[in-house]
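The structure appears right after this line, and notes come after that.
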Amino acid sequence: MISVDATSTERRTRAYLDAIETVTRRPVRTLVNTHHHGDHTHGNYLMSGATIVGHERCREEIQNSFIPPSPGIWSDVDWGHLEPAPPFLTYTDGVTLWSGDLRCELRYVGTPAHTTNDSIVWIPEREVLFTGDLLFNGGTPFALMGSISGWIEVLETVLRPLGARTLVPGHGPVCGPEVIDENLAYLRFVQATAREAKAAGLAPLEAARQLDLGEFTGLLDAERIAGNLHRAYLELDGGGRGAPADIARAFGDMIAYNGGQPLTCHA
């Protein structure tokens, strides 16, 4: 059996494995990581009998990450016992996995987007696409560690042309292709805001505080606008896709935007 990603804490990953057992007695033999973020990979180690598959940069990023994250960023989270377990079968472009006779195409999307190492799992026979965090359904997209322009390109030239009828986003309920347009609209909104605010001499946090989020007000994790503006400003300054950002400053601005309170973990 193939699992697409793990979860963020020991308790949640154990609950996920218990849920799997309600539908099949088969063990997870292959674990795909769509990208390196801990809410998708912290629980890798609990699937100890599985081959962990991911992009080569996904492996590198997990190896260089703090597990669990440094205190003070998130509200209280019971991480439980965590152990790093990066992919040990890696690829540069993609690999085909088989679940019985069902073809599952694991593909790197070709450019930094949500992160530097985003992959999708496409099941052509079922017209089902697992998008990882390239799609947020009901939550705010977060591009600080990737690229806004790259993400827009991926949604337009990689995800949409597949013609998937059912999409499994990294966060939020299973959805249809309309959510691609919703994420595109937000990312373009960030780009336009950054151009205007930077021209006006506003720092990312100032711009975020003055901004009316409009149609995006109801999305979870609204404070991500501050981090996204850091990435957008970096790109306007000529920073390449995936170029290192000032992560500490960006998260500090997100916390400030959040009223000085740690960020809520919805993962």
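The values are calculated or read from the model by the stated rules, or taken from the named source; none is laboratory data. For clarity, every value in this text was computed on a predicted model and none was experimentally measured. Cβ: placed from backbone, ideal geometry, glycine included. Neighbour counts: every protein chain shown. To get the accessible areas, we keep the full protein, side chains included, count just its heavy atoms, and leave off ligands, DNA and RNA. Shrake-Rupley method; radii C 1.70, N 1.55, O 1.52, S 1.80 Å.
Hydrophobic, long helices, defined as DSSP H runs whose alpha-carbon span along the helix axis is 24 Å or greater and whose mean Kyte-Doolittle value is at least -1.0, occur in the chain at 178-199. Could you tell me what percent of the DSSP beta bridges with both partners in region 113-206 are antiparallel, to the nearest 5? Expressed as a percentage, antiparallel bridges in region 113-206 total about 45. So if I take the alpha carbon set of region 65-138, get Rg, then get Rh from the Kirkwood formula, what is the Rg over Rh ratio? Radius of gyration relative to Kirkwood radius: 1.05. Size descriptor for region 163-220, Kirkwood hydrodynamic radius: 13.2 Å (Cα pairs only, one decimal). Multiplying each eigenvalue of the alpha-carbon gyration tensor of the chain by 5 and taking the square root yields semi-axes of 31, 21, 17 Å, largest first, rounded to whole angstroms. Using a Förster distance of 41 Å, how high is the FRET efficiency between residue 127 and residue 14, based on the Cβ-Cβ distance and rounded to 0.05? It comes out at approximately 0.80. Per residue, region 87-203 exposes 40 Å² of solvent-accessible protein surface, assessed with a 1.4 angstrom probe and all protein chains in place. Extending 7 Å from the Cα toward the beta-carbon at both residue 77 and residue 96 defines two label points whose distance is 3.7 nm. With the simple spin-label model, which puts each label point 7 Å out from Cα in the Cβ direction, the residue 237 to residue 103 separation comes to 4.6 nm.
Normalised by 2.2 N^0.38 Å, with N the number of residues, the alpha-carbon radius of gyration of region 147-267 equals 1.10. Looking at the chain only, what percent of DSSP beta bridges run antiparallel? Nearest 5 please. Of those bridges, close to 45 percent are antiparallel. Take the Kirkwood radius over Cα pairs of region 205-267, plug it into Stokes-Einstein at 20 °C and 1.002 mPa s, and you get 173 µm²/s for translational diffusion. For region 109-150, the normalised intensity computed at q = 0.16, 0.18, 0.26 Å⁻¹ comes to -0.44, -0.54, -0.90 (log10 of I(q)/I(0), Debye sum over alpha carbons, equal scatterers, no solvent). Taking all protein chains as present, what is the carbon and sulfur share of the accessible area of the chain, in % to the nearest whole number, probe 1.4 Å? The computed percentage sits at 49. Enclosing the Cα atoms of region 101-200 in their convex hull gives a volume equal to 87 cubic angstrom per residue. Looking at region 158-224, which trypsin sites (Lys or Arg not before Pro) are in a loop (DSSP not H, G, I, E or B) and have at most 15 other Cβ atoms within 10 Å? Of the trypsin sites (Lys or Arg not before Pro), the ones in loops of region 158-224 whose Cβ has at most 15 other Cβ atoms within 10 Å are 165.
Estimated from the Cβ-Cβ distance and a Förster radius of 51 angstrom, the FRET efficiency linking residue 247 and residue 24 is about 0.85. Sorting the segments 230-236, 111-117 by their residues' average number of neighbouring beta-carbon atoms within 10 angstrom, most packed first, yields 111-117, 230-236. Its alpha carbons considered, region 86-126 gives a radius of gyration followed by a Dmax of 11.3, 32 Å. The calculated FRET efficiency for the pair residue 256 and residue 199, based on their C-beta separation and a Förster distance of 22 Å, comes to about 0.45. Using only alpha carbon pairs under 8 Å that are at least six residues apart, calculate the relative contact order of the chain and give it in whole percent. Relative contact order of the chain: 16 percent. Gyration tensor over the Cα atoms of region 1-135: the corresponding equivalent ellipsoid has semi-axes (square roots of 5 times the eigenvalues, largest first) of 23, 19, 13 Å. Entry note, region 8-153: relative contact order of 21 percent, from Cα contacts under 8 Å with a spacing of 6+ residues. Taking each residue as 0.36 nm, the span from residue 188 to residue 215 lengthens on full extension beyond its C-alpha to C-alpha distance by 8.4 nm.
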